Structures are given as C-alpha cells and as structure tokens.
Amino acid sequence: MNTTTFGQEFLRELEEEIVASRKCIERVPESLFDWKPHEKSMQMGYLTLLVADIPKWITVTAEKGEIDLLMWEKHKLTTTENLLKYFDENVAETKKVLSTVTDETLFEMFYLKMGDKELMKSTRKDSISSSLRHWVHHRGQLTVYLRLNDIPVPSLYGPSADDKTF
C-alpha cells in the first residue's frame with residue numbers, strides 16, 4: 001500500500017526546484033533591481049522577490065487556508081544577500097509544513113482575498129499545485145531578464161548556453 005501523502009509529493013516537487021530558484025536569485029545584482037524590459041513588465045527586483053516569496057505562499061496556504069493580499073507582509077527589497085536569506089527561510093518553513101500536512105487538510109478550502117473581496121477559492125491542494133507552477137513560471141521570466149542583461153543564465157534542467165555544467 002502506498003502511504004505517500006500529497007504534502008510529501010509537493011515536498012518532492014519543491015526540492016527539485018529549490019536549487020534552480022536559488023541559482024537565479026543569487027545572480028541578480030542590486031544595481032538592476034529597478035530594471036525592466038518593457039514599461040508593462042515587472043521590475044527585476046520585484047520579480048526576484050516574487051521568486052523568493054512564493055514558497056511562503058505555499059506555507060500560508062497549507063497552514064491557514066487564506067491569503068489576504070491587503071494584509072500580506074511585503075519583504076523589504078534591500079540586497080541580493082538579504083533576498084537569498086529570505087528565500088532560504090521561506091523554503092525551510094515550507095519544507096517543514098509540507099512534511100507534516102495531512103491530505104485531509106489539503107482538501108480543505110483555500111481563499112485568496114483582497115480585504116473583504118474573495119478573488120479566488122480552491123482546495124489547498126489545488127492552490128499549492130498552482131503556486132508551484134506559478135513559481136516555475138516567474139523563475140523562467142527571471143532567466144529572460146538575466147539574459148537581456150548579459151548575466152549568465154544558470155543551468156536549471158540541463159545545461160544552458162552560459163553554463164554547460166550540470
């Protein structure tokens with residue numbers, strides 16, 4: 001009988017993406033935090049913060065079942081080193097939560113709100129799955145930002161044009 005829980009499966013997925021995400025964050029210089037490729041694009045610093053922040057979304061989703069964007073504590077964007085520390089803290093907490101969360105909890109509802117306004121609802125399981133995909137998506141955007149600034153793109157799922165090691 002297979003006793004693997006969804007939390008353990010999410011933890012396995014998270015573990016596969018941590019190193020790649022950290023490699024991208026560590027390459028972003030503070031001097032480019034305000035840079036963006038287009039007027040409608042996010043600033044590079046904000047995008048990097050988003051990549052560092054998403055593991056925390058997963059923790060809050062699993063533990064509390066609700067995120068209110070008006071109340072979300074925004075991490076102060078200061079240095080790349082500070083972002084890496086924030087990322088590492090978020091990942092550590094997420095690992096802890098995913099290793100203990102029950103399937104029963106994951107099938108409870110999750111609500112994304114903006115104050116009193118409900119923006120979205122789904123099971124916590126579905127929201128965590130979506131957050132993991134969202135994380136990979138934004139990390140992919142970040143690799144494009146790196147390329148556009150002639151910053152070597154790290155190998156993620158295999159060698160990159162800049163990093164032939166794997």
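Every number in this text was worked out from the coordinates using simple rules, so none of it is lab data. Predicted model only: the values in this text are computed from it and were never measured. FYI the Cβ positions are ideal-geometry reconstructions off the backbone, even for glycines, and counts take in every protein chain you see.
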Original post:
Semi-axes of segment 104-145's equivalent ellipsoid from the Cα gyration tensor, sqrt of 5 times each eigenvalue, largest first, rounded to whole Å?
Top reply: 25, 15, 5
Original post:
If we count GluC sites (Glu not before Pro) as exposed when they sit in a DSSP loop and have at most 12 other beta carbons within 10 Å, what is the longest stretch of the chain that avoids them all?
Top reply: 109-166
**OP:** Could you tell me what percent of the DSSP beta bridges with both partners in segment 1-134 are antiparallel, to the nearest 5?
**Re:** 65
Subject >> Given charges at beta-carbon only (K, R positive; D, E negative), |dipole| of segment 12-83 in Debye >> reply: 180
Subject >> Dipole-positive endmost among A161, C24, L112 within the chain (Cβ charges, Cα centre) >> reply: A161
**OP:** Principal axes first, then extents: for the Cα atoms of segment 1-47, list largest minus smallest coordinate on each axis, whole Å, largest first.
**Re:** 53, 22, 11
Original post:
By how many degrees, 0 to 90 and rounded to 10, does the Cα axis of helix 44-64 deviate from the longest principal axis of the chain?
Top reply: 10
Subject >> From phi via Karplus (6.51, -1.76, 1.60), per-residue ³J(HN,Hα) for segment 35-42 in Hz, x at Gly/Pro >> reply: 6, 8, x, 7, 4, 8, 7, 6
Subject >> Difference of contour (0.36 nm per residue) and Cα-Cα distance, T165 to K117 >> reply: 12.5 nm
**OP:** Please report, in debye to the nearest 20, how large the charge dipole of the chain is about its Cα centre when each Lys and Arg carries +1 at its beta carbon and each Asp and Glu carries -1 there.
**Re:** 260
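If you only keep lysine pairs separated by 8 or more in sequence, or across chains, how many in segment 76-148 come under 19 Å at the Cα atoms? Kindly include the intermediate steps, with their values, before the conclusion.
Working: K76/K85; K85/K95; K85/K96; K95/K125; K96/K125; K113/K121; K113/K125.
Lysine pairs, 8 or more places apart or on different chains, close enough: 7.
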Original post:
What length, rounded to one decimal in nm, is gained on full extension from S31 through to Q43, with 0.36 nm per residue of separation minus their alpha-carbon distance?
Top reply: 3.2 nm
Subject >> Scattering curve values for segment 69-143, log₁₀ I(q)/I(0), Debye with Cα scatterers, q = 0.11, 0.15, 0.21, 0.22 Å⁻¹ >> reply: -0.38, -0.72, -1.26, -1.30
Original post:
What are the radius of gyration and Dmax of the chain, computed over its Cα atoms and given in Å?
Top reply: 16.6, 54
Original post:
Hey, what D do you get for segment 1-91 in µm²/s if you plug the Kirkwood alpha-carbon radius into Stokes-Einstein at 10 °C and 1.306 mPa s?
Top reply: 109
